[in-house]
Amino acid sequence: MTPDTAKPSLALNLIVFVTLWIAYGWFCQSGGWNQNARWSQVRAIVEGGELSINRYCMYAGEITADGSTALQRVELTTSCTAAEAWWVINSGDTAYVDGRIYPNKPPGTTLLALPGYVVARGIQRMAGLDPDSWWGITLGGWIATILSVGLMGALGGVLFLHCSWRLFPDIPGHVHVLATFGYALGTLAFPYATVMFDHVPVATLLLATFGLCLSVIQRGGLTSRDREGADDVRIQGCNTENQHPGRSQVVRSLTVAARRSRSS
């Protein structure tokens, strides 16, 4: 078997994908500064059609008759200063512009989570669940996460499997599967695939880039200069779990590989 023809079966791809997605979906890390900022903007876009999160980033607790605490969402007015807002909103990972609060994070993961939250809102409506209740917030965030970052993490596992199979086509298939699960469930890819961070989407994009470049290299479609670019992708891929790599590297490498693939 040559590297150019080596690939796992469709059934194996599905088994790996579904197994990882269930594993990632089983856990819900809930809130935190990073995910709260993104989550507030997801709600602002879907529910309010706006980018600022003033109406979705602050809550007040109210003691009910049975002694439990009910949440009440409070709108943050534009007259509030940045210093005042910082102490009362649900995240410090924000930017303040003319009275408007925005996440200070790249928008990719927020946009990725939008379809999932549309699904979550439909489920909340059918269940008669208040989106501002404890259960509503938890359910909405969980569904939006597993249908965005969780899916990207499972896809990343499949891409890792394909790259492993191409790099080492002569070793047994179960070794590739074990290596894939070692990456997907034995590294920081696991916890980051259960929370609304951008680490796993970036890692998956880099795996896709690496796989495409690897495919073209093995077909002899890259020049020596392009090979240097592909080597840079490998370096960036190794650094993914430590720091956010530049998206421009992904775009550049995909463009180079695609052009060479068409011309080869």
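Which one is nearest to Pro107 (Cα to Cα), of the residues in segment 32-58 that are surrounded by fewer than 17 Cβ atoms within 10 Å (Cβ to Cβ) and modelled with pLDDT under 90?
From segment 32-58, those surrounded by fewer than 17 Cβ atoms within 10 Å (Cβ to Cβ) are 32-33, 47-51; that's our starting set.
Going one step further and asking which of them are modelled with pLDDT under 90, we end up with 32-33.
Numbers: Gly32: 17, Trp33: 15 Å.
Among them, the one singled out is Trp33.
For Val42, work out the one condition from (1) within 28 Å of Thr204 (Cα to Cα); (2) among the β-branched types (Val, Ile, Thr); (3) more than 23 Å from the chain's Cα centre (by Cα) it doesn't fulfil.
(3)
Inside segment 99-110, can you point out the residues that are under 18 Å from Met58 (Cβ atoms) and either open to solvent by 40 Å² or more (accessible area, probe 1.4 Å) or not hydrophobic (A, V, I, L, M, F, W, C) (or both)?
Gly99, Arg100, Tyr102, Pro103, Asn104
Here are some residues: Thr110, Thr138. Which one is β-branched (Val, Ile, Thr) and closer than 16 Å to Asn34 by Cβ?
Values: Thr138 fails: closer than 16 Å to Asn34 by Cβ.
Criteria check complete, one pass: Thr110.
Val16 fails exactly one of the following numbered conditions: (1) touching a residue at least 12 places away in the same chain (Cβ under 8 Å); (2) open to solvent by 30 Å² or more (accessible area, probe 1.4 Å). What is the number of that condition?
(2)
If I go through segment 178-195 residue by residue, how many of them are assigned to a helix (DSSP H, G or I) and open to solvent by less than 30 Å² (accessible area, probe 1.4 Å)?
If we filter segment 178-195 for residues that are assigned to a helix (DSSP H, G or I), which is where we start, we get 178-186, 189-192.
Retained after the next criterion (residues that are open to solvent by less than 30 Å² (accessible area, probe 1.4 Å)): 180, 184, 189.
So the answer is 3.
Test Asp231 against the stated conditions and say whether it is modelled with pLDDT under 90 and farther than 30 Å from Ala144 by Cα. Spell out the reasoning first.
Numbers: modelled with pLDDT under 90: yes; farther than 30 Å from Ala144 by Cα: yes.
For Asp231, the condition - modelled with pLDDT under 90 and farther than 30 Å from Ala144 by Cα - is met.
Can you tell me how many residues within segment 134-152 are open to solvent by less than 30 Å² (accessible area, probe 1.4 Å) and among the hydroxyl-bearing types (Ser, Thr, Tyr)? Step through it out loud before you land on a result.
From segment 134-152, those open to solvent by less than 30 Å² (accessible area, probe 1.4 Å) are 136, 140-141, 143-146, 148-150; that's our starting set.
Checking which are among the hydroxyl-bearing types (Ser, Thr, Tyr) leaves us with 145, 148.
Residues that pass the stated criteria total 2.
The values are calculated or read from the model by the stated rules, or taken from the named source; none is laboratory data. On a predicted model such as this, the values are computed, not experimentally measured, just so you know. So basically every Cβ, Gly included, is an ideal-geometry build from the backbone, and we count neighbours across all protein chains shown. We work out accessible area using only protein heavy atoms, side chains counted, and drop any ligands, DNA or RNA first. Shrake-Rupley method; radii C 1.70, N 1.55, O 1.52, S 1.80 Å.
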